[in-house]
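Q: Let me begin by handing over the structure; questions about it come next.
The values are calculated or read from the model by the stated rules, or taken from the named source; none is laboratory data. Predicted, not measured: the structure shown is a model, and the values here were computed from it. Every residue, glycine as well, gets a Cβ built from its backbone with ideal geometry; the counts of neighbours run over all protein chains shown. Note: accessible area is taken over every heavy atom of the protein model, side chains too, but ligands, DNA and RNA are not part of it. Shrake-Rupley method; radii C 1.70, N 1.55, O 1.52, S 1.80 Å.
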Amino acid sequence: SSYDRLTALDNSFLILEKSNAYMHVASTLVFEAGPLRKPGGGIDAEAIKRSFAASLHLIPRYRQRLEWVPLTNQPVWVDDERFQLDFHIRHSALPQPGDDAQLKRLSSRIMQQHLDRRRPLWELWIVEGLEGDRFALISKVHHCMIDGIAGVDMLKILLSPFPDHEVHEAQHFVPRPAPSGLELLRDEVAHWASLPMEAARGVGSLMAAAQERRRDLLTRGRAVAETLGASFRTTTPTPLNGKIGPHRRFDWLVMDLAEIKAIRRALGGSLNDIVLTVVTGAVRRF
């Protein structure tokens, strides 16, 4: 097939996104300049782009855009025939003095902008000019593209524990022709027509397909209900769940990884358990 269907869960991240509620996953990472420092100053952004381009074939979703099935409005992934890496990897710089407060403000502005649904749903910002001979990468990926594990795919191919990481030649990208609206609608009809045959092969497959469609419809129904304000339950009023606007403030807290690992060794569990415990205590006190 020349396209991939979104699951009901992935589609829900599209449905629930609003003008004041973003559904992208974002992060800001700070690095020492190291071998990426250019002799005349600044960061070798082209080297980062080359490294990313060389491994982009490992995560094909990053070169796919959304298309919708006529009538049903079911989203699917198709190859972006106009894919341009320069649109997604952007190079910026902080003014003097280039402190963390400026980086946080830039991160906030980037994170409070919706991703362009006409293109693959991700951006990577290379930010130079950070004091202390450092630079930052601001990553932004829509939640419909990733889950908790897949979210690190882009960073896994960019980062290496060794400074002399070999960068291979980028593979030539040949996009699959995008299906027409008629083809998508025909395949959708065929998909539903095949369900009885699937039932003959096994009840489990039929139930899974039906449940997937039911989850999709329920998600759409909840999104409509929230949009119309038709919720029958009210949450406890706190500073964290009031009405939100489109603006965001981004902040972070620096913690010693060695200390977190020591706590993990003493108490058991994972690093994630320790971080979640710290966050839980902070929210409770707040």
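Q: Do the conditions hold for Gln84, that is, is it open to solvent by less than 50 Å² (accessible area, probe 1.4 Å), more than 16 Å from the chain's Cα centre (by Cα) and free of Cβ contacts under 8 Å to residues at least 24 places away in the same chain?
A: no
Q: Suppose the filter is farther than 14 Å from Pro120 by Cβ, open to solvent by 40 Å² or more (accessible area, probe 1.4 Å) and among the basic types (Lys, Arg); does Lys38 pass it?
A: yes
Q: Could you figure out which of (1) farther than 22 Å from Leu155 by Cα; (2) of a type in the set (D, E, K, R); (3) outside any helix (DSSP H, G or I) isn't true of Arg105?
A: If we test Arg105 against (1) farther than 22 Å from Leu155 by Cα; (2) of a type in the set (D, E, K, R); (3) outside any helix (DSSP H, G or I), just (3) comes out false.
Q: Right, something else. Among the residues of region 108-145, which ones are in a helix (DSSP H, G or I) and on the phi > 0 side of the Ramachandran plot? Steps first, please.
A: Quick first cut of region 108-145, residues in a helix (DSSP H, G or I) only: 108-111.
Of everything in region 108-145, nothing turns out to be in a helix (DSSP H, G or I) and on the phi > 0 side of the Ramachandran plot.
Q: Would you point out which residue out of Val189, Val141 is farther than 23 Å from Glu32 by Cβ, modelled with pLDDT of 90 or more and of a type in the set (Val, Ile, Thr)?
A: The unique qualifying residue is Val141.
Q: Can you name the condition, by its number, that Thr28 falls short on among (1) under 30 Å from Ile244 (Cα atoms); (2) surrounded by fewer than 17 Cβ atoms within 10 Å (Cβ to Cβ); (3) in contact (Cβ under 8 Å) with a residue 60 or more places away in the chain; (4) of a type in the set (Ser, Thr, Tyr)?
A: (2)
Q: All but one of (1) closer than 26 Å to Ile15 by Cβ; (2) in contact with a helix residue (DSSP H, G or I) (Cβ under 6 Å, 6 or more places away or on another chain); (3) of a type in the set (S, T, N, Q) hold for Ser139; state the number of the condition that does not hold.
A: Looking at each condition in turn, Ser139 falls short on (2).
Q: Also, I was wondering about something else. Please work out if Ala262 is without any contact (Cβ under 8 Å) to a residue 40 or more places away in the chain, loosely packed, with under 10 Cβ neighbours inside 10 Å and part of a helix (DSSP H, G or I).
A: When the stated conditions are applied, Ala262 does not pass them.
Every residue, every condition in (1) of a type in the set (Gly, Ala, Ser); (2) open to solvent by 20 Å² or more (accessible area, probe 1.4 Å); (3) at pLDDT 90 or above; (4) within 30 Å of Ala190 (Cα to Cα), yes or no:
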site	(1), (2), (3), (4)
Arg5	no, yes, no, yes
Val76	no, no, yes, yes
His91	no, yes, yes, no
Gln96	no, yes, yes, no
Gln102	no, yes, yes, no
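Q: Something else: Output the number of the condition that Leu71 fails; it satisfies all remaining conditions of (1) in a strand (DSSP E or B); (2) in contact with a Leu (Cβ under 9 Å, 6 or more places away or on another chain); (3) open to solvent by 60 Å² or more (accessible area, probe 1.4 Å).
A: (1)
Q: Tell me, which residue of region 227-259 that is more than 24 Å from the chain's Cα centre (by Cα) and modelled with pLDDT of 90 or more is surrounded by the most Cβ atoms within 10 Å (Cβ to Cβ)?
A: Selected residue: Glu259.
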